[in-house]
1. Of the residues 331, 385, which is at pLDDT below 95 and under 17 Å from residue 279 (Cα atoms)?
2. Residue by residue through the stretch 332-374, note down the ones that are assigned to a loop (DSSP other than H, G, I, E, B) and either assigned by TED's automatic domain parsing to the domain that holds residue 255 or under 16 Å from residue 30 (Cβ atoms) (or both).
3. State yes or no: is residue 48 surrounded by fewer than 13 Cβ atoms within 10 Å (Cβ to Cβ) and part of a strand (DSSP E or B)?
4. Which residues, counting only those in the stretch 11-45, are closer than 22 Å to residue 145 by Cα and not in a helix (DSSP H, G or I)?
5. Of the residues that sit in the stretch 297-312 and are in contact with a helix residue (DSSP H, G or I) (Cβ under 7 Å, 6 or more places away or on another chain) and part of a strand (DSSP E or B), which one is nearest to residue 264 (Cα to Cα)?
6. Please count how many residues of the stretch 58-90 are at pLDDT below 95, over 17 Å from residue 134 (Cα atoms) and surrounded by 12 or more Cβ atoms within 10 Å (Cβ to Cβ).
7. Given the condition part of a strand (DSSP E or B) and either farther than 17 Å from residue 18 by Cβ or in contact with a helix residue (DSSP H, G or I) (Cβ under 6 Å, 6 or more places away or on another chain) (or both), answer yes or no: does some residue in the stretch 257-276 qualify?
8. Which of the following residues is at pLDDT below 95 and within 24 Å of the chain's Cα centre (by Cα): 161, 171, 196?
């Protein structure tokens, strides 16, 4: 399972989050292509990145140059724009959830209905881009679990569209309910509303750095310079130790369903995958009185059983399920990057017990991106990359 840990010792904002994720290896060109699926006015913004330093520590600064400074939007319009875009369903879901949390906070602070919340800074194009870009980058990196450190509250005052407000701003304070915070930092706004919304909406756990097999570290630079610490968000990307130590004891969960639509079954599969099942699949079966049906099965760890069983019973028409423990024999897998005729491409390698690479296949998302960029069939990209990822990077 891919894990990311955000070390927010200096705080978090939308541009810092995107900068840290891009520094982990997400191509800026890929991000631009995906963001173009939003129905934002043509030429209304441009993206850029640059290497910089904060108190002698190197980091990546992500910037959104906005050419349309006067367009403010209501929550309902932003939600509809994301929902109707050509973005993937997981990206839509994460982006809409973040904006929903923002709308709920603004609604409570200003005493208006959620649908009528009028965003100012948060509704500007740069913040829309920051939020959706965060979701796009997390999908590209195949992140399945997000952990976040305690957040510094900051102090002082900040200028907003509502005037001069104390730090943390009211909407930020509302979003930080239920989130570990501390005051061990200098003055200034350390957590922006966008940063707070990203954390409140997406974090699976808070606290110390989780145990993981560390793969990469990304550094996203903030705009300001603080006197007490480098204004940088660190992102640690890795895999869970259980996956890497080949824990082969799994739970098999099954249920027979004969009264559901294909759409609802497909949605249940998506939700189970989002929540971390190891595998999920359908098997055609025939039940009593000759009724055609499907058996929905999924694999999970024992500690996931209660949560995933409840999800299955809520999202389907099943009234019960059965489960049993099973052992399995698996080959080790890893993802590596290789230089190819199309540039850097990720390959999934399958490795035997002796450490030999048996076979490798290019990652679908990379093939899809290349096919769109080069305007050639995805099948041709896969064929030309076949066998290219077997050697060590």
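1. Only one candidate qualifies: 331.
2. Selection gives 342, 363.
3. When the stated conditions are applied, residue 48 passes them.
4. Within the stretch 11-45, 11, 12, 13, 24, 25, 26, 27 meet the criteria.
5. 298
6. 10
7. yes
8. Going through 161, 171, 196 in turn, the sole match is 171.
The values are calculated or read from the model by the stated rules, or taken from the named source; none is laboratory data. Being a predicted model, the structure only gives us computed values, none of them experimental. Neighbour counts run over all protein chains shown; Cβ positions are idealised from the backbone, glycine included.
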